[in-house]
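The values are calculated or read from the model by the stated rules, or taken from the named source; none is laboratory data. For clarity, every value in this text was computed on a predicted model and none was experimentally measured. No Cβ is skipped: glycine too gets one built from the backbone with ideal geometry, and neighbour counts run over all protein chains shown. Ligands, DNA and RNA are excluded from the accessible area calculation, which covers all protein heavy atoms including side chains. Shrake-Rupley method; radii C 1.70, N 1.55, O 1.52, S 1.80 Å.
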Amino acid sequence: MVTTNGAGQVQSIVVSKSTGDPKADKRALLFVKNTFAQRVPHPRARHRYVYPVAIATTGQYGLRVSLF
């Protein structure tokens, strides 16, 4: 979930439903941080955005994060 401040800038990004794996959750947060501006070029002030992502393992150490 992404929350914006009064100027429409990202104030916080939080995981609303954990995967149970701290590394996967951190990767999802980083993905949202890096892609939010492209997906929402003009965010509304003081607004909450639900930003659903899918996380899949790609091997023993790999994770893939993508938008629904």
Checklist outcome for this item: the chain: Kirkwood hydrodynamic radius (Cα pairs, Å) comes out at 12.6
Checklist entry - Averaged per residue, what accessible area in Å² does segment 1-64 show with a 1.4 Å probe, protein chains only? => result 76
Checklist outcome for this item: Distance in nm between Leu30 and Thr57 label points, each 7 Å along Cα→Cβ, equals 1.9
Next on the checklist: Quick check: net charge around Arg48, other residues with Cβ under 15 Å of its Cβ, Lys/Arg +1 and Asp/Glu -1?
Outcome noted: +4
Checklist outcome for this item: Taking protein heavy atoms only, a 1.4 Å probe, and rounding to whole percent, the accessible area of the chain owed to carbon and sulfur comes out at 53
Checklist entry - Counting Lys +1, Arg +1, Asp -1, Glu -1, what net charge surrounds Val15 among other residues with beta carbon under 13 Å of its beta carbon? => result +3
Checklist entry - Taking Cα atoms, how many degrees apart are the long axis of helix 22-39 and the longest axis of the chain, rounded to 10 and kept between 0 and 90? => result 40
Item to check | FRET efficiency, 1/(1 + (r/R0)^6) with R0 25 Å, evaluated for Asn5 and Gln38 via beta carbons | outcome: 0.80
